[in-house]
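Asks: First the structure, which I've put down as structure tokens, then a few questions once you've had a look.
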Amino acid sequence: MQLAGRTVLVTGAGRGIGRALARACAGAGARVALTDVLADELDATRSALGEGHLAIPCDLTDPAAVEAMVAAARDGLGEIGVCLANAGVAVGSDPLQTTDATWDLAFAVNVRQHVLLARLLLPGWLQRGEGCFVVTASAAGLLTQIGSAPYSVTKHAAVAFAEWLSITYGDRGLRVSCLCPMGVDTAMLAAGDRDALGALGARVVRAAGEVLDPDAVAAETLRALDDERFLILPHPEVATYFQRKAEDYEHWLSGMRRAQAAASSDVGDDERRNLGQS
Ligand SMILES: NC(=O)c1ccc[n+]([C@@H]2O[C@H](COP(=O)([O-])OP(=O)(O)OC[C@H]3O[C@@H](n4cnc5c(N)ncnc54)[C@H](O)[C@@H]3O)[C@@H](O)[C@H]2O)c1
């Protein structure tokens, strides 16, 4: 999939991985429609890209706003050829502590975003016999996220939706990819470090492997689009962990329990209480 001359929609483009993806796509010659709920961050990203790109603030939890945002992107920059559905939220912890509102937010951003965007973009792509949809899930969607049930569940659902799209429409010109990094140096991971509820998860992520720069993740994503590869693993070791999980589920579960116990011994009493572990 060549990006030059195409319109690429990037969600969560205000900062972090989304900003790096937008920069990489613009560098490859695409017209980029950037969207995020953080209007100031979004403007900053667009200004840094220069002319020929469009910033459209949008709260992806609002289906009407998503429809209006896609219409504005098409009006401003022409038909969308590639969608990088990247926005995400790392919210919630143990189900005993997590409210319905938090579960709803996790589902709206991490799962329904993809459903809404696919519904709006697929008809045109199928008509033209080409389109490209990239779901930013997480290694947590293949493995798990220790400390957060909503993140684990919704990222698994995001992987499942990407697989389903590829199976169902892959022979009709749709290219689907699924980005599954472990730790990336963004505000999301930094917020985990600061937040009592996110501390255990952030600690496990940092212990599991290298924390990558968002630009490295974006570069690997563009390589995968070139190769028309489904699974994008900026941390290649995730493929091994995923294989081990499939080969021996019981062993994998007990290993994850050990990892959780090791990380928990480092977190404070308040954090453990919040996670329902004391
Ligand atoms: N940072 C990591 O370690 C890591 C690892 C694996 C996967 N991911 C995934 O990568 C993606 C990007 O995350 P990031 O690390 O850049 O974090 P980030 O918090 O810096 O970026 C996420 C972006 O999504 C936007 N967003 C959140 N809710 C939104 C909403 N309702 N409407 C519109 N935009 C919304 C945020 O405003 C933010 O700009 C997410 O899907 C995340 O789950 C991150």
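Asks: Please compute the modelled spin-label separation between Ile167 and Tyr249, points set 7 Å along Cα→Cβ, answer in nm with one decimal.
Replies: 1.6 nm
Asks: OK, next. Find out how many positive minus negative residues lie around Ala157, taking Lys and Arg as positive, Asp and Glu as negative, among other residues whose Cβ is under 14 Å from that of Ala157.
Replies: Once all neighbours under 14 Å are counted, the net charge is 0.
Asks: Let me ask something additional. Taking the number of other C-beta atoms within 10 Å as the exposure measure, put Thr102, Thr240, Thr11, Thr144 in order starting with the fewest.
Replies: Thr240, Thr102, Thr144, Thr11
Asks: What shape does segment 101-155 take by its C-alpha gyration tensor, where a ≥ b ≥ c are the square roots of the eigenvalues and a/c under 1.5 counts as rounded, a/b above b/c as prolate, and the rest as oblate?
Replies: oblate
Asks: Right, something else. Output the Kirkwood hydrodynamic radius of segment 1-158, Cα pairs only, in Å rounded to one decimal. Intermediate results must be reported in sequence, preceding the final value.
Replies: Working: mean 1/r = 0.0631 Å⁻¹.
About 15.8 Å for segment 1-158.
Asks: Let's test the formula: R0 of 41 Å, r as the Cβ-Cβ distance of Gln127 and Arg229. What FRET efficiency results, to the nearest 0.05?
Replies: Calculated transfer efficiency: 0.95.
Asks: What does the charge add up to near His251, with Lys and Arg as +1, Asp and Glu as -1, over the other residues with Cβ less than 15 Å from its Cβ?
Replies: With Lys, Arg at +1 and Asp, Glu at -1, the net is +1.
Asks: Let me ask something additional. What are the radius of gyration and Dmax of the chain, computed over its Cα atoms and given in Å?
Replies: 18.4, 57
Asks: Tell me, how many Å apart are the Cα centres for segment 44-92 and for segment 105-184?
Replies: Cα centroid of segment 44-92 versus Cα centroid of segment 105-184: 16 Å apart.
Asks: Considering only DSSP states other than H, G, I, E and B, which GluC sites (Glu not before Pro) in segment 48-110 qualify as loop sites with at most 15 other Cβ atoms within 10 Å? Show your work: numbers first, answer last.
Replies: Details: sites: Glu51, Glu67, Glu79; in loops: Glu51, Glu79.
Within segment 48-110, the qualifying GluC sites (Glu not before Pro) (loop, at most 15 other Cβ atoms within 10 Å) are Glu51, Glu79.
Asks: Are there any helices in the chain, counted as whole DSSP H runs, that stretch 27 Å or more along their axis by Cα and score at least 0.0 on average by Kyte-Doolittle, and if so which?
Replies: Sorted by number, the helices that extend far enough and score high enough are 149-169.
Asks: Let me ask something additional. Taking a ≥ b ≥ c as the square roots of the eigenvalues of the Cα gyration tensor of segment 37-90, is the shape rounded (a/c under 1.5), prolate (a/b larger than b/c) or oblate?
Replies: Cα axes put segment 37-90 in the oblate bin.
Asks: Using only DSSP helix segments of four residues or longer, with each worth -39500 (n - 2.57), what per-residue ellipticity at 222 nm results for the chain after dividing by its residue count and rounding to 500? The partial results should precede the final answer.
Replies: Details: 12 runs with 148 residues, N = 278.
Here the helix-only value at 222 nm equals -16500 deg cm²/dmol.
Taken together, the values in this text are just the output of simple stated rules run on the coordinates, not laboratory data. Here the structure is a predicted model, which means the values were calculated and not measured. Cβ: placed from backbone, ideal geometry, glycine included. Neighbour counts: every protein chain shown.
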